[in-house]
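Okay, so here's the structure we're looking at.
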Amino acid sequence: MSNALEEISEPGYARLQEQYKALRITSKVLEDKVMEILGQGKKKVLMDFQDVDYINSTGLRVLLLALQQLKKIQGRLVLSSIKDYMKEVFEISGYTEIFPVFTTQEEALANFS
């Protein structure tokens, strides 16, 4: 199992995919990747959770930090492909009120238009 955070750069936005089954990268790695994307001038970020089976409070905190940084530059952060049992964590913590959450990447990307 690899522990990589893959950035797929597209015109006008960046898509981050976790290449492992649990969001276990350090908050610093994710935060650094988001800052790198912002440094490239990207204002739209899609975080794809298709291959993520678990997220802890540190991962949730990093999502908030990323959102705050993007809001400063009128950017957007959207989430996609969150498994139902993980979506429950987002709902309980109130994150579904903060983040746009889409069932598929395609729906999330359409929201950028």
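A few points about this structure:
- Residues of the stretch 72-96 classified as of a type in the set (F, W, Y) and over 13 Å from the mean Cα position of the chain (by Cα), total: 1
- Cβ separations smaller than 8 Å between residues 6+ apart or across chains give the following pairs from the stretch 23-43 residues that are charged (D, E, K, R) and part of a loop (DSSP other than H, G, I, E, B) to residues that are modelled with pLDDT of 70 or more and surrounded by 13 or more Cβ atoms within 10 Å (Cβ to Cβ): R24/Y54; K42/G75; K43/L70; K43/G75; K43/R76.
- Beta carbons closer than 9 Å, at least 6 apart along the sequence or on distinct chains, pair a first residue in the stretch 74-90 that is touching a residue at least 24 places away in the same chain (Cβ under 8 Å) and of a type in the set (K, R) with a second that is surrounded by fewer than 16 Cβ atoms within 10 Å (Cβ to Cβ) and not in a loop (DSSP other than H, G, I, E, B) for R76/N111; R76/F112.
- Residue selected from the stretch 78-113 under the condition over 18 Å from D51 (Cα atoms) and not in a helix (DSSP H, G or I), by the criterion modelled with the lowest pLDDT: S113
The values are calculated or read from the model by the stated rules, or taken from the named source; none is laboratory data. Just so you know, these numbers come straight off a predicted model, no measurement behind them. Methodologically, a virtual Cβ is constructed for each residue, glycine included, from the backbone with ideal geometry; neighbour enumeration extends over all protein chains shown.
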